[in-house]
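> Right, I'll just put the structure down here and ask away after.
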Amino acid sequence: MLEGEELFADRNRVSGGDNTRHPEFEIARWAAENLSPDQRKKAVVYTSGEHCPMCSAAHAWVGLGPIYYASSSKQLAGWFAEWGIPPGPVETLPINQVATGIEATGPDEELSEQVKLLQQAAHGVGGN
Ligand SMILES: [Zn+2]
């Protein structure tokens, strides 16, 4: 494992009908199968959207390292409310409310604006 090497990448696959197919959950599963506990501890996860509670728990259970996210779950919930999209069945919680020992950094002001635009396009809502 080289420093700066991309080990695994994925995208959201919930459009197939399985709402657990979050990329952050797939990362945790992949890491559990392919990395030693020491490698997992050193692995940094970058994501466009903050982990949901399911993914935060999976991240913590497999012992992955720091998380950097572009937009927060709180931002996403706010955008959905603004666009009249009903909230999902799982409470919106910051990563550290679920996984207390994980170093989590975000949101990023510029990148979160880009994520908002992608979410608008994906849901066919909002815009100016
Ligand atoms: Zn998730």
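Read-outs: derived from the displayed coordinates by stated rules, not from any lab. On a predicted model such as this, the values are computed, not experimentally measured, just so you know. Please note: Cβ atoms are built from the backbone with ideal geometry, for glycine as well, and neighbour counts cover all protein chains shown.
> Can you tell me how many residues within the stretch 50-75 are within 12 Å of the ligand (Cβ to nearest atom) and not aromatic (Phe, Trp, Tyr)? Don't jump to the end; show me each part of the working.
Looking only at the stretch 50-75, we keep the residues that are within 12 Å of the ligand (Cβ to nearest atom), and these are 50-59, 67, 69, 73.
When the remaining residues are screened for being not aromatic (Phe, Trp, Tyr), the result is 50-59, 67, 73.
Summing the residues that are within 12 Å of the ligand (Cβ to nearest atom) and not aromatic (Phe, Trp, Tyr) in the stretch 50-75 gives 12.
> In the set GLY84, GLY63, which member is of a type outside the set (S, T, N, Q) and either touching a strand residue (DSSP E or B) at 6+ places or on another chain (Cβ under 7 Å) or more than 28 Å from LEU117 (Cβ to Cβ) (or both)?
Working: GLY84 fails: either touching a strand residue (DSSP E or B) at 6+ places or on another chain (Cβ under 7 Å) or more than 28 Å from LEU117 (Cβ to Cβ) (or both).
Result: GLY63 is the single residue among GLY84, GLY63 that is of a type outside the set (S, T, N, Q) and either touching a strand residue (DSSP E or B) at 6+ places or on another chain (Cβ under 7 Å) or more than 28 Å from LEU117 (Cβ to Cβ) (or both).
> Does GLU82 fit the bill of being closer than 27 Å to GLU109 by Cβ, away from the ligand (no atom under 14 Å from the Cβ) and of a type outside the set (A, V, I, L, M)? Give the steps one after another, and end with the answer.
Values: closer than 27 Å to GLU109 by Cβ: yes; away from the ligand (no atom under 14 Å from the Cβ): yes; of a type outside the set (A, V, I, L, M): yes.
Yes.
> Moving on. Can you spot a residue in the stretch 40-49 that is touching a residue at least 40 places away in the same chain (Cβ under 8 Å), within 15 Å of the ligand (Cβ to nearest atom) and assigned to a loop (DSSP other than H, G, I, E, B)?
no
> Now, a different point. Step by step: first the residues of the stretch 1-37, then only those that are in a helix (DSSP H, G or I) and among the acidic types (Asp, Glu), then the one that is surrounded by the fewest Cβ atoms within 10 Å (Cβ to Cβ). Which residue is that? Before you say what the answer is, go through the steps one by one.
So in the stretch 1-37, the residues in a helix (DSSP H, G or I) come out as 14-16, 23-34, 37.
Restricting the remaining residues to those that are among the acidic types (Asp, Glu) gives 24, 26, 33.
Details: GLU24: 23, GLU26: 19, GLU33: 8.
Residue satisfying both the conditions and the ranking: GLU33.
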